[in-house]
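Below you'll find the structure, written out as structure tokens, and then a few comments.
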Amino acid sequence: MTTTPGPPDEPIDPTIAATARAAEPPPLFTRNLLLLCTAAFFQMFSFQMLLPVMPLYLLDIGGSEGQVGLILGVTAGTALLFRPLTGWVADRYGRKPLLLAGNIDFALSMALYPFARAVAPLLGVRSLQGAGLSAVSTAGSTMVADLAPPLRRAEAMGVYGVAVNTSSAIGPLLGATIAIEAGFNAVFVVAGSVAVIGLVLTSRLPEPPHPAAPEGGARFTLISRDALFPASIALCLFPPIGVVLSYVAVFADAEGLGNPGLFFLPYSLTLIVVRVLAGRLADRYGRIPVLLPAIMAFVAALLVIASANHVLVLLLGALLLGVGFGISHPTILAMAVDRAPTGRQGASMSTLIGAFDIGIGGGSALAGLCVAFAGLRGVFVLAAVAPLIGALLIAAALRRGR
């Protein structure tokens, strides 16, 4: 695979953008990419089912609102700790073994949740699942980069994201509905069964051809310097995701805004549409320019959610959040692969997704600290500060690019 690396402070990759405008687009939808996307759908469906359920489950077993942020924060924190290892394993031993290990972890975690009837054991199981999330997300995203034509890399990331976000369109709603109608243990049984389907599909994937590691093998590094610039943007744009994922279910329940799983339907449907369109634009015009609308969408989403006094207003906030995340996620992923040297795509991807973990998990944990004095609405307003800082970084990058 041909990459177009650039220094960490280079904001736009003009070679890819210019070539994409001039060339006929190479084929994107291959059998292996479609199988990978299908496996990813089931992998993440099991995880997404728990998004609106876990905060309510924690409260049910005696946890507090302040501890709700730990549910996502612990998962993201564990995933972050495993990122350097998963990136090294992906480059050294291949993508498929790592993907299989992550799927096994998901299925095992679902089997353990019914026995976690106190806060500490629950956080332990969430930590275990965080390790699986690290493996699945690093291996899956890196495998997409292997399978995608370089000139359609951001679009391929968007298509892969569509598979993941299709699961999030129905997974949370299904999880919340099952919890209401049949109880929490029924959610864990269904989610575990779905995780097993993902494992079976993953076992049918061949190991894709990918660039050989440099002579001497892949080096183990904590941080890939090539991914620092896209990672810094992710650290600013993704804390709001952690805040919303942790507290929107509690907020909807407290304000009487209906089934909290409904929030994820417009959010995910918007992601499905926006991801592919944003990927095409990023391939055509460069990575940085398409991030500016994402900033505005993130800020608007948080302010709308904070002001919601009717379910339709809350769903409008979900739609805007989907626009922000749908634009930024595939664009930043493609940016990291663009800058990665040959044989170091796994390490670069693990650094970037580690920044996702810090952003999302850090946003969740900070929200848990702030909710006591700011309240649920105030937490969403405070979260809008992070993407505004990201806007300053992007403006500085554009200035250097000129």
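What follows draws every value from the coordinates through simple rules; no lab data is involved. This one's a predicted model, so the numbers in the text were calculated from it and none came from an experiment. Ideal geometry is used to build each Cβ from the backbone, glycine not excepted, and the neighbour counts take in all protein chains shown.
Just a few scattered comments:
- From the coordinates shown, Kirkwood radius over Cα pairs in Å corresponds to which of (i) 22.4; (ii) 28.3; (iii) 20.7: (iii)
- Of the DSSP H helices in the chain, those that are both long (alpha-carbon extent of 15 Å or more along the helix axis) and hydrophobic (Kyte-Doolittle mean at least 0.0) are 31-48, 65-93, 95-112, 119-147, 153-182, 184-203, 239-255, 264-285, 291-306, 311-339, 345-383, 385-401.
- A straight chain from residue 255 to residue 32 at 0.36 nm per residue would run longer than the Cα-Cα distance by 75.8 nm.
- Each peptide among 134-147, 302-315, 254-267 gets the average number of other Cβ atoms lying within 10 Å of its residues, and from highest to lowest they stand as 134-147, 254-267, 302-315.
- Proximal charge balance of residue 179 [Cβ under 14 Å; K/R count +1, D/E count -1]: -3
- Averaging the sequence gap over all C-alpha pairs within less than 8 Å and six or more residues apart, then dividing by the number of residues, gives the stretch 28-401 a relative contact order of 28 percent.
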